[in-house]
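One structure below.
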Amino acid sequence: MPVPASVQIQTGRLPITGSFNVVVKHHADDRLRAGITRMIARLAARTVLTLPSDFATDESKATLVVQCERAGDIVPLDR
């Protein structure tokens with residue numbers, strides 16, 4: 001499973017409400033969008049909220065900003 005190169009921990013709380021939304025800053029490809037979509041679906045299942053499945057377009061109004069500088073390396077699957 002891919003892991004972030006870095007995470008910035010800040011004070012406060014991340015509100016998980018029915019208006020929770022995510023915006024991707026800089027690089028966004030199908031693999032990243034699919035991973036975020038899976039995360040939102042899992043979050044919705046655990047909170048019993050109906051969360052929007054579309055991505056936000058305005059970073060200043062997004063609940064969560066995912067900043068990605070480039071596509072990650074392809075990791076071969078062991079068989």
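Among the residues of the range 42-68, those that are open to solvent by 70 Å² or more (accessible area, probe 1.4 Å) and either touching a strand residue (DSSP E or B) at 6+ places or on another chain (Cβ under 8 Å) or of a type in the set (D, E, K, R) (or both) comprise Arg42, Arg46, Asp54, Thr57, Glu59, Lys61, Gln67. Here is the figure for the range 20-41: residues that are crowded, with 16+ Cβ neighbours inside 10 Å and in a loop (DSSP other than H, G, I, E, B) total 2. Of the candidates Arg33, Arg70, the single residue that is more than 14 Å from the chain's Cα centre (by Cα) and basic (Lys, Arg) is Arg70. Among the conditions (1) in contact (Cβ under 8 Å) with a residue 24 or more places away in the chain; (2) not in a loop (DSSP other than H, G, I, E, B), the only one that Pro52 does not satisfy is (2).
The values are calculated or read from the model by the stated rules, or taken from the named source; none is laboratory data. Being a predicted model, the structure only gives us computed values, none of them experimental. Cβ atoms come from the backbone with ideal geometry, glycine included; neighbour counts cover every protein chain shown. Ligands, DNA and RNA are excluded from the accessible area calculation, which covers all protein heavy atoms including side chains. Shrake-Rupley method; radii C 1.70, N 1.55, O 1.52, S 1.80 Å.
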